[in-house]
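Below is one structure, written out as structure tokens, with a few remarks after it.
The values are calculated or read from the model by the stated rules, or taken from the named source; none is laboratory data. Just so we're clear, the structure is a prediction, and the values are computed from it rather than from any experiment. Reconstructed Cβ throughout: ideal geometry from the backbone, glycine too, with neighbour counts over all protein chains shown. Note: accessible area is taken over every heavy atom of the protein model, side chains too, but ligands, DNA and RNA are not part of it. Shrake-Rupley method; radii C 1.70, N 1.55, O 1.52, S 1.80 Å.
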Amino acid sequence: MYVKEYPLTIGVVGLGLIGGSLAKALKQFTRNWVLGYDIDQDTKRLALAEHAVDEAPDDAALGRCDLIFLALCPRQAVQFLQERVQHLRPGTVVMDLCGIKRYPYQKLGELCANHGLFYVGGHPMAGKEQWGYGNADPELFQNASMVITPAPQTPPAVLHRLEELFLQIGFARVTPSNPAEHDQIIAFTSQLAHVVSSAYIKSPRAQMQMGFSAGSFKDLTRVARLNPSMWAELFLENADYLTEEIDTLISHLQEYRDAIAANDSQRLYDLLEDGRKRKEATL
């Protein structure tokens, strides 16, 4: 892949929200040839009918790919490649798009190295609270960041070509990282937000909010509409960093609760002012 000129033959495995959006973006914004893979036959037929993919071939066609995106949950991504790696030719670039990076990096990095493939971990920082091909959108990645965690042996030319491709389909930047750093930060910026949203909506007052809620309620509950199967796997594969963030949040919530229960207006003011300043520092 790193010596071939455009167009590339690109396999997209998993035509859900991310994979379907990626396939559509590749067809809309590039001249590359896209092969689509999904276990759901109706999804493949629809993707072909909408020209989101050029072909939906069998596993043997993976050997024609210069680049393969695994848009699956982590364990599915690993299993898919383990069962089909014999079809890939040496020099193929394999990128998973999982929401965690240590687990796929360990499993896929070693598998690719053993078969002469180039592995790069990837996480598109884009999404919405729906899932499935029916919600796929070629504009999903506009102005988003693509985080990459390349293996040490990945040639710089491969990374350069990938960056070109991501910018072409709308990403604003490519952010290099390593698996541990990625998982630690994503535990706070994404996973904790989903945990909080899911827990917050369980108040009995949630069913009484009509007419009493505005932007803050909508903002805090939006991501409670999650895919429970996918997010449960992501949470458990990142349990160490995520539980650390949950514990930190609980300790801060306790501070607010104690100040309110004690009717300590100065302490409460200080906590709120500290939070306001910290938010401003992130802007």
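Examine segment 68-82 for a residue that is more than 25 Å from Ala232 (Cβ to Cβ) and modelled with pLDDT of 95 or more, and state whether such a residue exists. Spell out how you get there, then give the answer.
Step one: list which residues in segment 68-82 are more than 25 Å from Ala232 (Cβ to Cβ), which gives 68.
Narrowing further to those that are modelled with pLDDT of 95 or more: 68.
Yes: one or more hits.
Give the residue, chosen from Val53, Val94, Val34, Val85, that is part of a loop (DSSP other than H, G, I, E, B), β-branched (Val, Ile, Thr) and out of contact with any Pro (no Cβ under 7 Å at 6 or more places or on another chain).
Values: Val94 fails: part of a loop (DSSP other than H, G, I, E, B); Val34 fails: part of a loop (DSSP other than H, G, I, E, B); Val85 fails: part of a loop (DSSP other than H, G, I, E, B).
Result of the check over Val53, Val94, Val34, Val85: Val53.
Keeping to segment 224-241, report how many residues are assigned to a helix (DSSP H, G or I), surrounded by 14 or more Cβ atoms within 10 Å (Cβ to Cβ) and either among the polar types (S, T, N, Q) or under 16 Å from the mean Cα position of the chain (by Cα) (or both).
Filtering segment 224-241 for residues assigned to a helix (DSSP H, G or I) gives 224, 228-237, 239-241.
From the residues that got through so far, the ones that are surrounded by 14 or more Cβ atoms within 10 Å (Cβ to Cβ) too are 224, 230-231, 233-235, 237, 241.
With either among the polar types (S, T, N, Q) or under 16 Å from the mean Cα position of the chain (by Cα) (or both) added as a condition, the list becomes 230-231, 233-235, 237.
Counting residues in segment 224-241 that are assigned to a helix (DSSP H, G or I), surrounded by 14 or more Cβ atoms within 10 Å (Cβ to Cβ) and either among the polar types (S, T, N, Q) or under 16 Å from the mean Cα position of the chain (by Cα) (or both) gives 6.
Are there any pairs, at least 6 apart or on different chains, whose C-beta atoms fall under 6 Å, with the first in segment 148-163 and within 15 Å of Thr92 (Cα to Cα) and the second β-branched (Val, Ile, Thr), and if so, which?
Final answer for the pair search is Pro150/Val120; Thr154/Val120; Val158/Val93.
Scanning segment 104-141 for residues that are acidic (Asp, Glu) and farther than 19 Å from Ala52 by Cα, which turns out most open to solvent (accessible area, probe 1.4 Å)? Write out each step before concluding.
Here is the first cut: in segment 104-141, the ones acidic (Asp, Glu) are 110, 129, 137, 139.
With farther than 19 Å from Ala52 by Cα added as a condition, the list becomes 110, 129.
On the way: Glu110: 116, Glu129: 44 Å².
Taking the candidates together, the pick is Glu110.
Pairs under 6 Å by beta carbon, first residue within 23 Å of Leu72 (Cβ to Cβ) in segment 215-240, partner in a helix (DSSP H, G or I) and acidic (Asp, Glu), six or more apart or different chains?
Sorted first by the residue in segment 215-240, then by its partner, the pairs are Asn238/Asp183.
Return the residues of segment 148-193 that are touching a strand residue (DSSP E or B) at 6+ places or on another chain (Cβ under 9 Å), of a type in the set (Asp, Glu) and under 21 Å from Gly19 (Cβ atoms); say none if nothing qualifies.
Result: Glu163, single match.
Could you list all residues from segment 171-206 that are crowded, with 18+ Cβ neighbours inside 10 Å, over 15 Å from the mean Cα position of the chain (by Cα) and not hydrophobic (A, V, I, L, M, F, W, C)?
The answer is Ser197, and nothing else.
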